[in-house]
Amino acid sequence: MGGLYMHACKGEIKIGNNLKLNTNIIIGASSGEIIIGDDVLIGSNVVLRAADHIFSQRDKLIQLQGHRSGKIVIENDVWIGSNCVITKGVRIGKGAVIAAGAVVTKDVSAFSLVAGVPAKKISER
């Protein structure tokens with residue numbers, strides 16, 4: 001069993017009330033911002049990452065090129081299923097459900113159910 005790894009590193013992480021986390025969660029702001037609302041459920045093996053590595057310079061190691069930061073906002077009453085990845089620049093609307101294994105690269109509207117890689121809307125609550 002694993003735990004929770006939170007890393008702000010010049011970024012900011014804000015967590016609302018009544019957050020429920022399963023195991024092996026990574027919340028990485030890395031000079032970006034992550035905001036998690038109230039009454040959010042997060043399944044096991046989920047990654048929230050508010051930055052990407054820069055890798056455009058071929059003559060420089062990727063790890064030395066820095067990051068592009070952004071913001072992740074997860075509104076109230078959201079359920080993120082197991083094994084999901086939420087990338088920078090994403091807002092997940094109130095009451096949305098993210099199906100297990102989804103990779104969320106774009107905003108999710110309120111009360112939507114999204115699934116897949118990349119995640120797409122498949123229905124509403």
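No lab work stands behind these numbers, since they all come straight from the coordinates. This one's a predicted model, so the numbers in the text were calculated from it and none came from an experiment. Reconstructed Cβ throughout: ideal geometry from the backbone, glycine too, with neighbour counts over all protein chains shown.
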Exercise. With 88, 60, 71 as the choices, which residue is basic (Lys, Arg) and more than 26 Å from residue 120 (Cβ to Cβ)?
Worked result: 60
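Okay, residues lined up against (1) surrounded by fewer than 17 Cβ atoms within 10 Å (Cβ to Cβ); (2) closer than 23 Å to residue 2 by Cα; (3) touching a His at 6+ places or on another chain (Cβ under 6 Å); (4) in contact (Cβ under 8 Å) with a residue 60 or more places away in the chain:
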{"residue": "33", "(1), (2), (3), (4)": "no, no, no, no"}
{"residue": "38", "(1), (2), (3), (4)": "yes, no, no, no"}
{"residue": "61", "(1), (2), (3), (4)": "yes, no, no, no"}
{"residue": "66", "(1), (2), (3), (4)": "yes, no, no, no"}
{"residue": "85", "(1), (2), (3), (4)": "no, yes, no, no"}
{"residue": "101", "(1), (2), (3), (4)": "yes, yes, no, no"}
{"residue": "114", "(1), (2), (3), (4)": "no, no, no, no"}
{"residue": "121", "(1), (2), (3), (4)": "yes, no, no, no"}
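Considering only the stretch 66-98, state which residues are of a type in the set (S, T, N, Q), touching a Ser or Thr at 6+ places or on another chain (Cβ under 7 Å) and part of a loop (DSSP other than H, G, I, E, B).
Those that are of a type in the set (S, T, N, Q), touching a Ser or Thr at 6+ places or on another chain (Cβ under 7 Å) and part of a loop (DSSP other than H, G, I, E, B): 82, 87.
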Exercise. Do you know which of the residues in the stretch 40-59 that are over 19 Å from residue 23 (Cβ atoms) and in contact (Cβ under 8 Å) with a residue 12 or more places away in the chain is surrounded by the most Cβ atoms within 10 Å (Cβ to Cβ)?
Worked result: 50
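Kindly evaluate residue 110 against the criterion of being small (Gly, Ala, Ser), surrounded by 17 or more Cβ atoms within 10 Å (Cβ to Cβ) and either over 12 Å from the mean Cα position of the chain (by Cα) or on the phi < 0 side of the Ramachandran plot (or both). Give the derivation first.
Details: small (Gly, Ala, Ser): yes; surrounded by 17 or more Cβ atoms within 10 Å (Cβ to Cβ): no; either over 12 Å from the mean Cα position of the chain (by Cα) or on the phi < 0 side of the Ramachandran plot (or both): yes.
When the stated conditions are applied, residue 110 does not pass them.
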